[in-house]
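Trainee: Below are the structure tokens for one structure; questions will follow.
Values quoted throughout were computed directly from the atomic coordinates according to the rules given, and no laboratory measurement underlies them. Remember, it's a predicted structure, so these values are computed and weren't measured experimentally. Don't worry about glycine lacking a Cβ; one is built from the backbone with ideal geometry, like all the others, and counts go over all protein chains shown.
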Amino acid sequence: MTPKAKKKNTRRKKQYRRPKNNENVDGADVTEDRQLVPYKPSNVKTGEKIHKPSQLINKKQSLSLIELAANKLQKEDNVVFLEVLEKIFQVFKADPDKRQTRLELITKIVSIASNSSTKQLNRFKPQLNGVFLPKELKELVIDPGDLTMTLNLLDFMMLCHFGGTEDRLFMEGNLSKGRHVKVLVKVPRSETHKVSIVEEAKTLSKLRHDNIVRLVAFDKTGPRFAVEYMKLGTLSKCLEDISFSATKLVNVLKDITAAMVYVAEKKLVMRNLNSENVLVDARGKCKLGNFEYCRYVGDTNGVYVEKHGDLDVDFAAPEVRKSHEFSTKSDVWDLGLLAWEIYSAMPGQGIIPLIGSAVRRYYNFEVFIESGELQKPRRFPVVLWAHFKMMVLNNDPSIRPTFVDVMKMLEKFPQT
């Protein structure tokens, strides 16, 4: 019996069109010299139409446009937009199926940017920034109508006398997504602040800690975002209104330090750790609430340099005042000054308590910066004060302890 003849495979293998004259050897959708989009030849017998792949955008062309836009913007001192442009490079790591569409979008955006004025770009930046929302933030996007603002007496007085509420960290509001929930809402102070709002929302969306406010909603059209409601407001206000026990004061420091341990682990620097940026809930738990100036330093050797920012650095760490270098160690310095403020609080003192506190804080910190002398607060435990004054507030950042070390020191004190 003759063996059965092997059936010839008549299936046509997929063919890939090679780029002409190496036109896309660096293209985002090209692996070595082959395109990821299959080329389907025409079938003369069936009359099937030819399906040519869409013309691919050359990666070099996209990078060239980005460079042109960056150079133009740099001359116009539009630093924030340059930070947004850097995020464009993340797209080149995207899945091949989506990469082509994203490159077309980016090329169009950057082409517009390179021919726009600074004023036009200021309006354009929030929209471009919104294109790169992380997955965690996209899940919190809401319709504008789901978030409403409530104007309390303080907001109303500031609106009447000063024309706005720019100095407020958050305003009260209601979130009606499924059920009505009381929240705190952060809105842009100005047109240029819109980019900061988006960046802050991005940062908060990736943070999960008991002592950091929880982001609950994001409105892209504002842009604005909402966090969990913190009934007692800022720590600065609480220190003037409430007389805390010695144990409670230690717990306040523990809450803040625990949050900063987590922030440092995420390779972030806060840059403005103070009582105004710490919020307190109904149970007295403290949570970090303002990440506007927070920056990632994982790819810059733990240091962030900003020479022309709008952040007040009068009482910042020596290396910040001298070289504008922010790091975890400069955050440790800020914690030292915050600890002094916590133990120096005198509830009900002064004609207007908050003003009295601000004046007292400013005077003492100014003396400390000029002379190195900082008077020990009466309620500050002696052992703890010695550690903070000699180590935490040391002029040499290499001598300052880590937040983990500070937490170990605080754990030696009793907790309720």
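Trainee: Summing +1 for each Lys or Arg and -1 for each Asp or Glu, what net charge is found among the other residues whose Cβ lies under 9 Å from the Cβ of ASP255? Write out the running numbers ahead of the final one.
Mentor: Working: positive: LYS254, LYS285, LYS287; negative: ASP210.
Net charge around ASP255: +2.
Trainee: Follow-up. Would you mind calculating the relative contact order of segment 233-410 from Cα pairs under 8 angstrom and at least 6 residues apart, reporting the percent as a whole number? Don't jump to the answer; show the numbers that get you there.
Mentor: On the way: 225 pairs, mean separation 47.8, N = 178.
It comes to 27 percent, rounded to a whole number.
Trainee: While we're on this one: What Kirkwood radius, in Å to one decimal, follows from the Cα pairs of segment 233-410? Could the numbers behind the result be given before it?
Mentor: Values: mean 1/r = 0.0606 Å⁻¹.
The Cα-based Kirkwood calculation yields 16.5 Å.
Trainee: Only counting other Cβ atoms within 10 Å, I'd like SER327, SER398, SER344 sorted with the fewest neighbours first. Don't skip to the answer; put the middle values down first.
Mentor: Details: SER327 23, SER398 6, SER344 19.
Ranked by crowding around the Cβ, least crowded first: SER398, SER344, SER327.
Trainee: Work out from phi, with θ = phi - 60° and the Karplus expression 6.51 cos²θ - 1.76 cosθ + 1.60, the ³J(HN,Hα) of each residue of segment 369-381, listed in order in whole Hz, and give x for Gly and Pro.
Mentor: 5, 7, 10, x, 9, 9, 5, 5, x, 4, 8, 6, x
Trainee: Follow-up. Could you state the principal axis extents of the C-alpha atoms in segment 261-326, from the largest down, to the nearest angstrom?
Mentor: Largest to smallest, the principal-axis extents are 40, 26, 18 Å.
Trainee: Something else: Which net charge results for the neighbourhood of GLY336, defined as the other residues with beta-carbon distances under 12 angstrom from its beta-carbon, given Lys and Arg at +1 and Asp and Glu at -1? Present the calculation step by step, with values, prior to reporting the outcome.
Mentor: Details: positive: LYS329, LYS389, ARG400; negative: ASP331, ASP334, GLU341.
So the surrounding residues net to 0.
Trainee: Taking only the C-alpha atoms, wrap a convex hull around segment 168-214 and report its volume per residue in Å³ as a whole number. Could the numbers behind the result be given before it?
Mentor: Working: hull volume 4.9 nm³, N = 47.
Here the figure is 103 Å³ per residue.
Trainee: List ARG379, ARG208, ARG283, ARG271 from most exposed to least, where exposure is judged by having the fewest other Cβ atoms within 10 Å. Show your work: numbers first, answer last.
Mentor: Working: ARG379 15, ARG208 11, ARG283 7, ARG271 22.
By the 10 Å Cβ count, ascending, the order reads ARG283, ARG208, ARG379, ARG271.
Trainee: Grab the other residues whose beta carbon is less than 15 angstrom from that of TRP385, score K and R as +1, D and E as -1, and report the net. Present the calculation step by step, with values, prior to reporting the outcome.
Mentor: Working: positive: LYS376, ARG378, ARG379, LYS389, LYS412; negative: GLU341, GLU373.
Around TRP385, the charge tally is +3.
Trainee: Longer than 31 Å from Cα to Cα, which of LYS194/LYS307; LYS186/LYS285; LYS177/LYS307; LYS177/LYS267; LYS135/LYS389 are they? Say none if no pair is.
Mentor: Too far apart for the 31 Å limit: LYS177/LYS307; LYS177/LYS267; LYS135/LYS389.
Trainee: Rounded if a/c is under 1.5, else prolate if a/b is larger than b/c, else oblate: which is segment 200-287, with a ≥ b ≥ c the root eigenvalues of its Cα gyration tensor? Provide the component values of the computation, followed by the final result.
Mentor: Values: a/c = 2.25, a/b = 1.45, b/c = 1.56.
Here segment 200-287 falls in the oblate category.
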